[in-house]
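Below you'll find the structure, written out as structure tokens, and then a few comments.
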Amino acid sequence: MLSVQEAESILLKIVQPLVDREVTSLLTAQHRILASDITSTLDFPYWDNSAMDGYAVRYADIQGCHPEQPALLDIVAEVPAGTCPQFALAPGQAARIFTGAMMPRGADTVVMQENTERLEHQIQILHCPQPQAFVRPKGAYYQAGKSVLTKGMVLTPPDIAILATVQCTEIPVYRRPIVAILSTGNELIAPDQSLQPGQIVDSNRYALAALVKASGAEVRLLELVGDQPDDLKIAIKQAINSADVVISSGGVSVGDYDYVEQVLAELQADILIRAVAVKPGKPLTVATLPGQHSDPPILYFGLPGNPVSALVSFWRFVQPALRKLSGQEQNWGPTFIAATSQHTLPAGGQRETYLWGHLGLKAGHYEFSVAGGSHSSGNLMNLAQTNGLAVLPINHPQVKAGETVQVMQVGVISPP
Ligand code: AMP
Ligand code: MG
């Protein structure tokens, strides 16, 4: 059986980023991954402009002035934001100017209006600022030709502000991976079907679809598949014809009705992982299947059917693979955070163990509260609001309340 780390490194080695690109707009760019470096032909600021409401002046005219000996200048013009001043300041002159407005030629300094006293057509400067005060010079924050955003970045709202500022409205991004999701099991019914004795409602397709969407990929939800190899083969074939990645849940253990591996072998899959020393989630099948024509191989994840196992397997193994496949250049793996455990956690056993719960930040310290109730892989009812999984390495001693534990972050951190 592979260790978690071995399985992760096998996986990341076989996943190669998708190279297909497309163009997206500023309103649809969030979470997309940049497919090339962005440079601009514009400087930023685009031109010298004022950082204050006040008066544009020539520093030489006001140097050394103070309240007892103010400088007196003629106001020759007003420059609102958005206009291009058509004059140059001569010695002894000032222009009324507003925040963001372009500096007139000849002016090199802005005096904030609070440090002035207005006469009818003149202005008294009471306090002398530093030379060039309150001027935002052209190119001070960014010079044309430099790289402003880098290929492989996951675009965030601040990045989108930058793209708009440099007038990049056709944003080159990688195509989103398409992920087909299927659930297998004779016992499964859809959530809106009437439940008969012995049946189980399929939750995995929906949880996995939400996770896939949150990771920026596109979902193709397939029908439920019973435990019949022929049906499973048809479903998997259909999935590989329409997706870059296939995620199934169920049917990967050693039971009589677990056919995923058999069907994958019949489809000429290269099976890379069969089981991982992890709890929950030991039976995990990872394989590649030949893609269509010259397309790259399709990546297949056969996750265990137990709902918690399926989710933990996604977080630990599928997510990093999707990140790499999507074109993200780094940080594919999970984020681990050292947190103080609020409860005593059992010793780790023969498999790396993940215990779900809540990761909070209180007064600058991370705290982990393990979910109450059973940590059975079939109990998903205490998964609500899970944002962290405490990791107990193999043979790790018991973690006492107040001791530190590594927590894998799987959601947004909120107060305890
Ligand atoms: P399996 O991995 O097929 O042996 O399934 C293990 C357990 O998970 C069984 O109790 C299944 O009923 C349950 N299970 C399998 N698939 C799903 C699913 N899609 N949603 C909820 N539970 C499932
Ligand atoms: Mg099953």
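Could you list all residues from region 373-397 that are of a type in the set (Gly, Ala, Ser), open to solvent by 20 Å² or more (accessible area, probe 1.4 Å) and touching a residue at least 24 places away in the same chain (Cβ under 8 Å)?
Going residue by residue through region 373-397, those that are of a type in the set (Gly, Ala, Ser) are 373-374, 376-378, 384, 388, 390.
Now narrow it down to the ones that are open to solvent by 20 Å² or more (accessible area, probe 1.4 Å): 373-374, 376-378, 384.
Within region 373-397, 376, 377, 378 qualify.
Would you check if residue 370 is surrounded by 13 or more Cβ atoms within 10 Å (Cβ to Cβ), touching a His at 6+ places or on another chain (Cβ under 6 Å) and closer than 21 Å to residue 314 by Cβ? Reasoning before the result, please.
Details: surrounded by 13 or more Cβ atoms within 10 Å (Cβ to Cβ): yes; touching a His at 6+ places or on another chain (Cβ under 6 Å): yes; closer than 21 Å to residue 314 by Cβ: yes.
Against the criterion (surrounded by 13 or more Cβ atoms within 10 Å (Cβ to Cβ), touching a His at 6+ places or on another chain (Cβ under 6 Å) and closer than 21 Å to residue 314 by Cβ), residue 370 qualifies.
Conditions (1) under 28 Å from the mean Cα position of the chain (by Cα); (2) at pLDDT 95 or above; (3) under 19 Å from residue 181 (Cα atoms), marked per residue:
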residue	(1), (2), (3)
253	no, no, yes
270	no, yes, no
285	yes, yes, yes
315	yes, yes, yes
320	yes, yes, yes
323	yes, yes, yes
342	no, yes, no
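What's the number of the only condition in (1) surrounded by fewer than 16 Cβ atoms within 10 Å (Cβ to Cβ); (2) away from ligand 1 (no atom under 16 Å from the Cβ) that residue 223 fails to meet?
Here residue 223 meets the rest and fails (2).
Of these, 142, 174, which one is under 17 Å from the mean Cα position of the chain (by Cα), of a type in the set (Phe, Trp, Tyr), modelled with pLDDT of 95 or more and more than 30 Å from residue 233 (Cβ to Cβ)?
Exactly one of 142, 174 is under 17 Å from the mean Cα position of the chain (by Cα), of a type in the set (Phe, Trp, Tyr), modelled with pLDDT of 95 or more and more than 30 Å from residue 233 (Cβ to Cβ), namely 174.
Can you spot a residue in region 211-231 that is farther than 22 Å from residue 178 by Cβ, away from ligand 2 (no atom under 16 Å from the Cβ) and touching a residue at least 24 places away in the same chain (Cβ under 8 Å)?
There is no residue in region 211-231 that is farther than 22 Å from residue 178 by Cβ, away from ligand 2 (no atom under 16 Å from the Cβ) and touching a residue at least 24 places away in the same chain (Cβ under 8 Å).
How many residues are surrounded by 20 or more Cβ atoms within 10 Å (Cβ to Cβ) and polar (S, T, N, Q) when one looks only at region 47-82?
Within region 47-82, residues that are surrounded by 20 or more Cβ atoms within 10 Å (Cβ to Cβ) and polar (S, T, N, Q) number 2.
So, residue 400, is that one open to solvent by 60 Å² or more (accessible area, probe 1.4 Å), over 29 Å from residue 255 (Cβ atoms) and basic (Lys, Arg) or not?
So residue 400 fits the description; yes.
I'd like the full set of residues that are crowded, with 23+ Cβ neighbours inside 10 Å and more than 9 Å from ligand 1 (Cβ to nearest atom), limited to region 183-212.
Once the filter is applied, which keeps residues that are crowded, with 23+ Cβ neighbours inside 10 Å and more than 9 Å from ligand 1 (Cβ to nearest atom), region 183-212 yields only 212.
List every residue pair whose Cβ atoms lie under 7 Å apart, where the two residues are 6 or more positions apart in sequence or sit on different chains, the first residue falls within region 179-196 and is farther than 24 Å from residue 215 by Cβ, and the second residue, located anywhere, is more than 16 Å from ligand 2 (Cβ to nearest atom) and not in a strand (DSSP E or B).
Taking only residues 6 or more apart or on different chains, the pairs are 189/195.
Any idea how many residues of region 1-55 are more than 30 Å from residue 117 (Cβ to Cβ) and outside any helix (DSSP H, G or I)? Even if it seems obvious, please write down each step before you answer.
Going through region 1-55, the residues more than 30 Å from residue 117 (Cβ to Cβ) turn out to be 1-44, 46.
Keeping just the survivors that are outside any helix (DSSP H, G or I) gives 1-3, 15-25, 29-44, 46.
Count: 31.
So in region 291-316, with the set limited to residues that are within 23 Å of residue 5 (Cβ to Cβ) and polar (S, T, N, Q), which one is farthest from ligand 2 (Cβ to nearest atom)?
Across region 291-316, the extreme among qualifying residues is 313.
Just to check your reading of the model, which residue among 125, 97 is over 43 Å from the mean Cα position of the chain (by Cα) and of a type in the set (Val, Ile, Thr)? Talk me through it step by step, then tell me what you get.
Numbers: 97 fails: over 43 Å from the mean Cα position of the chain (by Cα).
Answer to the check: 125.
Picking from 327, 364, which residue would you name as being at positive phi and without any contact (Cβ under 8 Å) to a residue 12 or more places away in the chain?
Working: 327 fails: without any contact (Cβ under 8 Å) to a residue 12 or more places away in the chain.
That would be 364, the only listed residue that is at positive phi and without any contact (Cβ under 8 Å) to a residue 12 or more places away in the chain.
The values are calculated or read from the model by the stated rules, or taken from the named source; none is laboratory data. For clarity, every value in this text was computed on a predicted model and none was experimentally measured. Cβ atoms come from the backbone with ideal geometry, glycine included; neighbour counts cover every protein chain shown. Surface areas here come from the heavy atoms of the whole protein model, side chains and all, with no ligands, DNA or RNA. Shrake-Rupley method; radii C 1.70, N 1.55, O 1.52, S 1.80 Å.
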